[in-house]
Structure formats: structure tokens, C-alpha cells
Amino acid sequence: MTSQHPEPGSTGTNPARQDGTATDPAPGTALGADPGRRPGVDGPDPLGGADAPVLRPHAEDAFADELAALAAADDRPRPPGWRLSPWAVTTYLVGGTLPDGTPVSAKYLGSRRLMEIAVASLATDRALLLLGVPGTAKTWVGEHLAAAVSGDSTLVVQGTAGTPEEQLRYGWNYARLLADGPTPEAVVPSPVMRAMRDGAIVRIEELTRIPADVQDALISILSEKTLPVPELRTEVQARPGFNVIATANDRDKGVNDLSSALRRRFNTVVLPLPDSLEQEVEIVRTRVAAVGRSLELPPELAALAQIERVVTVFRELRGGVTLDRRTTVKSPSATLSTAEAISVVTNGTALAAHFGDGVLRAEDVAASLTGAVVKDPVQDRLVWQEYLETIVRDRAGWEDLYRACRELV
Ligand SMILES: Nc1ncnc2c1ncn2[C@@H]1O[C@H](COP(=O)(O)OP(=O)(O)OP(=O)(O)O)[C@@H](O)[C@H]1O
Ligand SMILES: [Mg+2]
């Protein structure tokens, strides 16, 4: 990538791009030059604000050391445009130990095979669709995949019902357009266009929330790997390393279902809910610890016993049966995802740290636990009350949780 802008007027309608012949891999047109900026490369960002550390660094910054160690240790073949080999990308995701003993933390807790499938499909000419119920780490995995493969997880389109086609193709800087007419400098590239140009991964969040006709702009991008700019009689051709990771929510099915033409261009990987109590507790524990570190909450607060209880409640209500499979329970309308369990425990930790005696107690988790379960004030309240009376009350060692929740209902 370059931060130099070509001379105005020197570029633009590059006829070489018209006939589909191979073009100079170095960015040639102003569309190829980067009007965007690279944090840390282009000097201080005028919009960036104070010099304080950011609340949530991008994956490639937060795990820069691990990525560098992996790159150094990685002697396997790398697909064109990739920073790491598929093996190293998978190791970055699921964790492991490098030959020289460097530990790599696990970002995704779950099946290694599933991550291998996701990574392998990125190395093909098909895009990757991460599908699953809310809170199954679709966004999280997408971000880490982009960081490991391209070293940049910031090319993102957030899909909403209002996502315009410009977000997938390109828009115009209207002041420049009016002053100079359509010139390469007046083009505002979308994250997709920038990813094509730079040979990087672009993430499209919540793809199925995007209106169907806007989604269809992706079809030609994915099959031709070309984004035409008819106003300038040119096009942007994808460089090696370009691919798309989209996420979509099972629950949104039917909102704007993917057309079959688009679906065929994606390999779908379904991210499951955690298999076991132990696995889900481990996910919540590690994530709460990480979030707590960034909020400067005391680490020892996130007591394992409390996490285990929260996750047990979540799994029982979600599954409609107690973990010992003896008693059926009603499920509330809420999804009760792992992500929500993480925030229940984080909120409890904040309460304990700021208002409690420094130990995470039942009272601290009860409030956000109730809030997570009772989303519908009538139906869910009944479900929750029944669960409290029939399950929580009589469970050995859960008296404090029963009392704390009881007080709130
Ligand atoms: N298997 C897992 N391994 C590691 N982290 C997980 C796992 N499942 C959930 N998480 C954690 O859950 C949190 C939420 O995940 P994320 O936002 O990626 O979910 P999502 O699937 O994109 O949900 P939504 O459909 O609501 O967008 C993240 O902090 C992530 O670390
Ligand atoms: Mg998401």
C-alpha cells in the first residue's frame, strides 16, 4: 500500500483495465492509491483524538507479538497475498505452542477442525460465511481471521437495513465531484474496494440484514473479482489475498435471505454453541478476564464458582432441561448467548469492584442475570420465577443466588 497520491489528472481512465489484461500489481490508478490512512504509518490522525490508549485495540495490534512470532516460525507455504500459512492462521485462532516454545493464546475455544475448514475456504476463490445463533463468536472469529491473514481487520461493512450500495462499491465526494467532475480523486472507495485493491480481507457483518438488491452487488465482485467504475471507464481488479468474510445470524433468517446466486459463492461454516459446561465456563472465564483487564477491574474477582452458576443457568434455560437431564424447564424469549454470559459476569465484577467488598457475590451477578433472562416483562418473568422456585431454590449451595434473585423479581 502507498500513501502517495498520484498527480491529479495523471491517472484514472486506465484503458489497460478495460480489456482484462494483467495489470501492474503495484497500485496504478488513483483508485489504486490509498486515500484512506494507516494508523501509525501516516502520522497522527486528525480525527483520532487524544494520545491515550484505545479502549479496544484491533486484533492485529492486540496480538501483534503473537502474529510476529507465528510469521517467524511459519515455514509452510502461504497462499498468495497471505501474511501467514493456513496452518499458522489456524494456530493463531485456536492457540498452541510454537517450536521455539512461544505460547500462542487461543482466541476461539472450540473445534480446531471447524477453524481449519474456515481458513481453507478463505484460501479458495469462494468467500466465507460464518453462520450461527447470536453470541457464537462469528464477529470475533472474522476479526481474528482478517488480522491473521491480512494483518488488517479494519476493513468492515456493518450490514443494516439501510446499508447503501456505496458501502459495497464506492461513493463520491460530492464537493470534488461538483468542482472537477468524476475524477479518481472524487471516488470514495468502500472497504470492499480497498480490500480488492490491497489484496486483503474485507468483513461484511450481518450480511442478511442488507437489502437483497444491495447484497447482489457482491455477486459480480465475488465471481469476476472486479469492481467496475463506469463513470471513469475503469475498474478495480482484486489483488491476491482478497476475499470476503461475511457473518449472518441464524435468528435473522428470512430477514433478507441470501439469494441462491450469492449463497453459491460462499462456503458456509456454522459456529455452534459451546458443547459442554466446562467449555462455556472456560470461554466466559477467559473473556471476562480479558475485558476486566481493559477496564482495569481486579482480576481475582471473576470467581470461577459464580461463572459456573451463571453458565449453568444459561445452559439450562437455553436447553429447556436441567444439566442432569432430570427436570424440564421453560425457555425464555431471550437468546442467552455465551456473549451475554460474559457481560453478566463482567457487570457483576464491576458492581463488586466499585460497590461491594471486592469479592464477586451472588448479589452482584443477580441483577444482570435477571436482566439477561427477563427480556419480555410478562412471559419471561414467569419463566424466570418458575425456574427460581423449582430449580434454584433447592439446589445445594445456591441459596444465596436464590435469595438475591428472589429479591429482584
Ligand atoms: N467459542 C468461543 N470461543 C471464544 N470466544 C467466544 C466463543 N463463543 C463466544 N465467544 C465470545 O463471545 C463474544 C461475542 O462474540 P461475537 O460478538 O463474535 O458473537 P456473534 O456471533 O458475532 O454474535 P451476533 O450474532 O450477536 O453478532 C466474544 O467476546 C467472544 O470472545
Ligand atoms: Mg456479530
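Structural remarks
- Flag set for V156, criterion: among the hydrophobic types (A, V, I, L, M, F, W, C), closer than 30 Å to G95 by Cα and in contact (Cβ under 8 Å) with a residue 24 or more places away in the chain.
- Of residues in segment 327-360 being in a helix (DSSP H, G or I), without any contact (Cβ under 8 Å) to a residue 40 or more places away in the chain and farther than 21 Å from E282 by Cβ, the one nearest to ligand 2 (Cβ to nearest atom): L351
- Filter result for the condition that a residue is among the aliphatic types (A, V, I, L, M), part of a loop (DSSP other than H, G, I, E, B), surrounded by fewer than 22 Cβ atoms within 10 Å (Cβ to Cβ) and over 14 Å from the mean Cα position of the chain (by Cα), over L178, L114, L109: L109
- Any hit, segment 361-370, residues being touching a Gly at 6+ places or on another chain (Cβ under 8 Å), touching a residue at least 60 places away in the same chain (Cβ under 8 Å), more than 16 Å from ligand 2 (Cβ to nearest atom) and of a type outside the set (F, W, Y): no
- Filter result for the condition that a residue is within 14 Å of ligand 1 (Cβ to nearest atom), surrounded by fewer than 17 Cβ atoms within 10 Å (Cβ to Cβ), small (G, A, S) and closer than 23 Å to D364 by Cα, over A305, A290, A334: A290
- Those residues of segment 353-380 which are within 18 Å of Y402 (Cβ to Cβ) and surrounded by fewer than 16 Cβ atoms within 10 Å (Cβ to Cβ), in sequence order: G371
- For segment 230-283, a tally of residues being part of a helix (DSSP H, G or I), in contact (Cβ under 8 Å) with a residue 40 or more places away in the chain and in contact with a helix residue (DSSP H, G or I) (Cβ under 7 Å, 6 or more places away or on another chain) returns 7.
- Filtered residue count, segment 127-175, keeping only those that are assigned to a helix (DSSP H, G or I), of a type in the set (V, I, T) and within 15 Å of ligand 1 (Cβ to nearest atom): 2
- If you go through segment 204-236 and pick out every residue that is farther than 15 Å from R265 by Cα and not hydrophobic (A, V, I, L, M, F, W, C), you end up with 11.
- Restricting segment 110-126 to residues that are modelled with pLDDT under 95 and of a type in the set (D, E, K, R), the residue that is farthest from ligand 1 (Cβ to nearest atom): D125
- Residue in segment 265-275 that is farther than 21 Å from L401 by Cβ, at pLDDT below 90 and of a type in the set (S, T, N, Q) present: no
- Only one of L227, L207 that is within 16 Å of ligand 1 (Cβ to nearest atom) and either crowded, with 19+ Cβ neighbours inside 10 Å or aromatic (F, W, Y) (or both): L207
The values are calculated or read from the model by the stated rules, or taken from the named source; none is laboratory data. Because the structure is predicted, anything quoted here is derived from the model rather than measured. FYI the Cβ positions are ideal-geometry reconstructions off the backbone, even for glycines, and counts take in every protein chain you see.
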